[in-house]
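See below for the structure under consideration.
Rule-based calculations on the coordinates, nothing more; no lab input. The shown structure was predicted, so the numbers you read here are calculated from the model rather than taken from an experiment. As a convention, Cβ positions derive from the backbone with ideal geometry for all residues, glycine included, and neighbour counts pool all protein chains shown.
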Amino acid sequence: MNLSQNLNDVLSRVEKAAIKSGRTLKDIDVIAVTKTVDVDVMSEAIKLGMYKLGENKPQEIKRKSEILKGDELQWHMIGNLQKNKIKYIIDKVSLIHSLDRMSLAQELQSKAQAKDLVINVLVQVNVSGEESKSGFKPEEVEDFIRQVAQFKNIRVKGLMTMAPFYAEPEETRFVFKGLRDLANKIESLNIEGVEMKHLSMGMTNDFEVAIEEGSNMVRVGTGIFGARNY
Ligand SMILES: *Cc1c(COP(=O)(O)O)cnc(C)c1O
């Protein structure tokens, strides 16, 4: 595997899609998804400028952030979060992409308040309706956000979705367009304290389509680090 080559390839694909949608590479946050990736490989990626790191296991954020240190690093929690694991990441994450239920919001609020922290989150939406995917139904999102907006220690910064895997990435377009439309709608409601700043959508297989539909945050693992070894 040639990390630097992979990274250049991914960034040039991101740039092309950004330009196609009237933006530039700088407008898109590329989160390097480092689940299952060794810290020495991660350290190479960091040297190449990848400071935004995505993990789907809280314990991995804890473990890796104790080894890889640096003020420039940002840890992104992108996977299903169990309430009893909030403690591993509460003071380490820049952004939780996967707020997908009220009970998790309540527990995050209570843990963040106890530590006097403000936690930035994205609300995960299941646009496709696929049963295996977590997240709110699109029609539930407004109510949920209105409630979370009352929580003093949680800030909603946008939405996140995962598209189903299609061999043909073009087929995912309706999912990304659905999330974009929902974000626009929420934005127009001007809910106090709520921002639709980040639209986290697109992975290795489908990020070009996601960017064309307005994504400004893509989560890329395989494209940068090669196929995962579980
Ligand atoms: C693993 C993962 C990714 C990255 O997937 P790739 O196909 O390897 O780019 C993105 N988002 C989430 C939530 C993931 O779990």
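Where a ≥ b ≥ c are the square roots of the eigenvalues of the C-alpha gyration tensor, would you call the range 108-158 rounded, which needs a/c under 1.5, or, failing that, prolate if a/b is larger than b/c, or oblate?
Prolate shape, in that a/c is at least 1.5 and a/b is the bigger ratio.
With just the Cα atoms of the range 68-195, tell me how far they stretch along each of the three principal axes, in Å, largest first.
Sorted from largest, the Cα extents of the range 68-195 read 43, 36, 27 Å.
How much length, in nm to one decimal, is gained on full extension between Ser21 and Ser94, taken as 0.36 nm per residue of separation minus their Cα-Cα distance?
23.6 nm
Taking springs between alpha-carbon atoms closer than 10 angstrom, which of Glu171, Glu66, Glu131 fluctuates most in the Gaussian network model of the chain?
Glu131
Using unit Cβ charges (K, R positive; D, E negative) and no other charged atoms, how large, in debye to the nearest 20, is the dipole of the chain about its Cα centre?
Using Cβ point charges on Lys, Arg, Asp and Glu, the chain gives about 680 debye.
What FRET efficiency do you get for Lys177 and Met102 if R0 is 35 Å and r is their Cβ-Cβ distance, rounded to the nearest 0.05?
The calculated FRET efficiency here is 0.85.
Can you list the lysines whose alpha carbon is less than 18 Å from that of Lys133, not counting same-chain residues fewer than 8 positions off?
Excluding near neighbours in sequence, the set is Lys57, Lys177.
So the label point goes 7 Å from the Cα of Ser132 along Cα→C-beta, right? Which residues of the range 153-188 then have their backbone N under 11 Å from it?
Hits in the range 153-188 for Ser132 at 11 Å: 164-166.
Could you work out the longest stretch of the chain that avoids the trypsin sites (Lys or Arg not before Pro) located in DSSP loops with at most 13 other Cβ atoms within 10 Å?
153-227
Could you tell me which of Asn153, Pro164, Gly135 has its Cα farthest along the dipole of the range 82-230 towards the positive end, charges placed at Cβ (Lys, Arg +1; Asp, Glu -1), taken about the Cα centre?
Farthest towards the positive pole: Asn153.
Identify all aspartates and glutamates with a Cα-Cα distance to Lys69 below 19 Å; exclude those on the same chain that are fewer than 8 residues away in sequence.
Filter leaves Asp38, Asp40, Glu44, Glu55, Glu60, Asp91.
To the nearest 20 debye, what is the magnitude of the charge dipole of the range 34-111 about its Cα centre, counting +1 on the Cβ of each Lys and Arg and -1 on the Cβ of each Asp and Glu?
Once rounded to the nearest 20, the dipole reads 300 debye.
Under 14 Å Cα to Cα from Lys197, which aspartates and glutamates show up? Leave out anything in the same chain fewer than 8 places away.
Those aspartates and glutamates meeting the cut-off are Asp27, Asp29, Asp181, Glu187.
With a cap of 15 neighbouring Cβ atoms within 10 Å, and only residues DSSP puts in a loop, list the chymotrypsin sites (Phe, Trp or Tyr not before Pro) found in the range 122-200.
For chymotrypsin sites (Phe, Trp or Tyr not before Pro) across the range 122-200 that sit outside H, G, I, E and B with at most 15 neighbouring Cβ atoms in 10 Å, the list reads Phe165, Tyr166.
Using the reciprocal of the averaged 1/r over all distinct C-alpha pairs, how large is the Kirkwood radius of the range 79-134 in Å?
11.9 Å is the Kirkwood radius here.
From the C-alpha coordinates alone, can you work out the Kirkwood hydrodynamic radius of the range 139-230, in Å?
In the range 139-230 this quantity evaluates to 14.2 Å.
List, in the order given, every pair from Lys52/Lys92; Lys47/Lys85; Lys35/Lys62; Lys52/Lys83; Lys85/Lys111 whose Cα-Cα distance in the structure shown is over 21 Å.
Lys47/Lys85; Lys52/Lys83
How large are Rg and Dmax for the chain when only the alpha carbon atoms are used, in Å?
According to the Cα coordinates of the chain, Rg and Dmax are 16.9, 47 Å.
Would you please give the FRET efficiency between Ala149 and Met1, computed as 1/(1 + (r/R0)^6) with r the Cβ-Cβ distance and R0 = 30 Å, to the nearest 0.05?
0.10
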